[in-house]
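One structure is given here, and the rest of the page talks about it.
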Amino acid sequence: MMKKFQRFLSKTKRSYRSLPDKKQYIEVFTAALTVPVLLTVIIINLNNLRATNKAAEVTPAPAQDRQIIVNYPTNTEKSVITEVPSAACKQGIGQVSIDYPAENDTVTDNPVQININYVKGDYCAVVWSYRINDGKFSDYNDKSIALYNPPQGTIRFQLKVKSIVNGEEKILSRTFSYRGASTDISPTASGSAQ
C-alpha cells in the first residue's frame with residue numbers, strides 16, 4: 001500500500017513539475033471556455049434590451065373622459081367641459097385668450113379672478129405663468145389665477161403661455177383698473193391654539 005501511495009506522489013510531482021511545459025495547452029483551454037461565457041453575456045444583454053424596448057412600446061390605457069368644472073366670477077352658473085385625452089397631439093399652442101377682466105375694465109372684486117379661455121382641441125397641453133405691473137413671472141402651471149389684494153389703480157396683467165411639448169411661448173396682455181377694498185388674509189389663531 002505504501003508503494004502505491006509513493007508512486008502516486010511521484011506521478012503527481014512529475015505532473016506538477018511539467019505544468020510549465022503544458023502552459024500553452026492550459027491557455028488554449030481557458031480561452032476556449034471564455035467564448036461561451038462571452039456569447040451568453042451578449043445574448044442576455046440583447047434580451048434585456050428587447051424587453052426594455054417592448055415595455056416602452058406598451059399601448060396606453062384607454063382614454064377616460066374627464067370633467068372640468070369652471071367657475072366664472074360674473075355669474076354663479078358652472079360650465080362643464082369634457083376633455084378626452086388623445087394619443088397624438090399637435091405641437092404648439094391652441095387658441096388661448098383672457099376672457100375676464102376685459103381690456104380697460106374696472107374691477108372691485110377681491111380676489112380678482114382672471115379667466116383664461118384655453119381651447120385645447122388637437123393641440124398638446126400648455127402651462128402658463130403670469131405677472132402684474134412688469135414684476136417677476138410666477139412659476140408655470142395650468143391652474144386658475146386669482147389675484148389677492150392687488151394694488152389700487154391701473155394693473156397691467158401679462159400671461160405667458162408655453163407648450164409643454166416644444167416650448168413655444170405666447171404672451172398675452174390685459175390692462176384693467178382695480179378699485180376694490182383689500183382684505184386681511186393673515187391667519188388667525190383658533191381657541192385651541194391659545
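We did not get these values from a lab; they are worked out from the coordinates using the rules stated. Bear in mind that the values here come from a model prediction, so they are computed numbers and not experimental data. Glycine gets a Cβ as well: all are built from the backbone with ideal geometry, and neighbour counts include every protein chain shown.
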**Message:** Give me, ordered by chain and number, the residues 5 or more places off ILE155 or on other chains with an amide H under 5 Å from its own placed amide H.
**Reply:** PHE176, SER177, TYR178
**Request:** Starting from the Cα of LYS11, draw a straight line to each of the lysines and keep only those under 20 Å, dropping any in the same chain fewer than 8 residues away.
**Result:** LYS3, LYS22, LYS23
**Item:** Between the range 94-129 and the range 11-37, the Cα center-to-center distance that results, in Å
**Value:** 81 Å
**Request:** List every residue whose amide H lies under 5 Å from the amide H of LYS90, counting only residues 5 or more places away in sequence or on a different chain, with H placed 1.01 Å from N in the peptide plane.
**Result:** TYR123, CYS124
**Request:** Excluding VAL165 itself, calculate the net charge of residues whose Cβ lies under 13 Å from the Cβ of VAL165, where each Lys or Arg counts +1 and each Asp or Glu counts -1.
**Result:** 0
**Asked** Which of the residue pairs LYS120/LYS143; LYS54/LYS120; LYS54/LYS143; LYS54/LYS162 have a Cα-Cα distance greater than 25 Å in the structure shown?
**Response** LYS54/LYS120; LYS54/LYS143; LYS54/LYS162
**Item:** Karplus-derived HN-Hα couplings along the range 119-128 (A = 6.51, B = -1.76, C = 1.60, θ = phi - 60°), whole Hz, x at Gly and Pro
**Value:** 9, 5, x, 8, 7, 6, 5, 10, 10, 9
**Fill in**
Non-local residues with an amide H under 5 Å from the amide H of ASN149, with H modelled 1.01 Å from N and Pro and chain starts lacking one, are VAL112, THR183
**Message:** Just to verify a number: FRET efficiency for ASP99 and THR34, C-beta to C-beta distance, R0 = 45 Å, to 0.05?
**Reply:** 0.05
